[in-house]
Each structure stands twice: as C-alpha cells, then as structure tokens.
1. All other residues with a Cβ under 15 Å from the Cβ of R89 taken together, and with Lys, Arg as +1 and Asp, Glu as -1, what is their net charge?
2. Calculate one ³J(HN,Hα) per residue across region 68-82 by plugging θ = phi - 60° into the Karplus curve 6.51 cos²θ - 1.76 cosθ + 1.60, and present them in order as whole Hz with x for glycine and proline.
3. How much length, in nm to one decimal, is gained on full extension between L115 and A90, taken as 0.36 nm per residue of separation minus their Cα-Cα distance?
4. At 0.36 nm per residue, minus the direct Cα-Cα distance, what do D122 and Q61 gain on full extension? Give it in nm, one decimal, please.
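Since every read-out is calculated from the coordinates, none of them should be taken as a lab result. Given the structure is predicted, the values throughout are model-derived calculations rather than measurements. FYI the Cβ positions are ideal-geometry reconstructions off the backbone, even for glycines, and counts take in every protein chain you see.
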Amino acid sequence: MTGRGAVAIEPMDGPAAVRAQDAFRLVYAEAFAGPPYHETEDGRRTFGLMEIAVRGPWRGQGVARALHTALLDGIGAERVLLNVHPANRAATAAYRAWGYRKVGETRPGGGAADLHDVMLLDLPGPA
C-alpha cells in the first residue's frame with residue numbers, strides 16, 4: 001500500500017498454499033463432521049480466513065472491509081471460517097457486522113495458546 005485510498009489486493013498461491021492445503025482439510029473435516037453439520041468436508045466448501053490486518057493510519061476507513069469483500073469475491077465456497085482472539089473487540093465487532101457468528105472456541109496450535117472464538121460466515125449460494 002502506497003498511500004491512503006490505494007489498496008492492492010493479490011491472490012496468493014504457490015508452495016506455501018500447497019503445503020497448507022492438507023492441514024486445512026483436516027481442520028475443516030473435524031470442524032464440520034459433528035453437530036450441527038454432520039458433513040464431509042471436500043476441501044472446497046469452506047474457505048479459511050487466516051488473517052486480515054490493516055496498519056494504523058488506514059484503520060477506520062473501510063480498508064479491512066474492502067479487503068474482505070475482494071478476497072471473498074467469486075471464491076465459490078459455501079462458508080468462511082476464522083479464529084479471533086476475544087480480547088480483539090474491534091476485529092470481533094467488524095466480523096459480526098460483516099455477518100459472522102460465533103460457533104465455538106479453540107486453542108490454535110494446541111493447549112498452550114489462548115482460547116480463540118471460532119466464527120463462521122455463511123456465503124450466499126450461486127444466483
């Protein structure tokens with residue numbers, strides 16, 4: 001980003017995405033196998049939003065929402081899943097305003113991590 005109002009959004013793929021793919025499938029398969037879903041995750045139905053961040057000078061100007069909208073445009077998934085630390089009230093409020101709801105809690109990376117809220121956004125089906 002070079003200045004206010006200039007947002008560059010580029011999809012990422014490559015070796016890192018390939019390495020992470022199997023881990024994401026395991027997480028989603030586990031998250032959606034039980035109640036209330038009882039579904040088998042196929043690796044395409046759920047999009048995992050790992051992190052979205054905006055530097056201080058650009059906060060409060062709709063940049064995060066613009067990034068979020070551009071990121072999800074045309075992804076073809078049924079839902080988006082993310083984790084957020086409950087102490088991050090600004091992020092939690094933004095996610096709720098964008099339509100996410102809390103569906104559970106998790107400790108990312110294992111038992112030593114802080115408890116995070118798991119949030120889910122159902123995406124509209126094809127028109």
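1. Working: positive: R59, R96, K102; negative: D114, D117.
With Lys, Arg at +1 and Asp, Glu at -1, the neighbours total +1.
2. 4, 4, 5, 4, 8, 4, x, 6, x, 8, 8, 7, 10, 10, 8
3. Numbers: separation 25, 0.36 × 25 = 9.00 nm, distance 1.71 nm.
Between L115 and A90, full extension yields 7.3 nm more.
4. On the way: separation 61, 0.36 × 61 = 21.96 nm, distance 2.48 nm.
Contour length minus Cα-Cα distance gives 19.5 nm.
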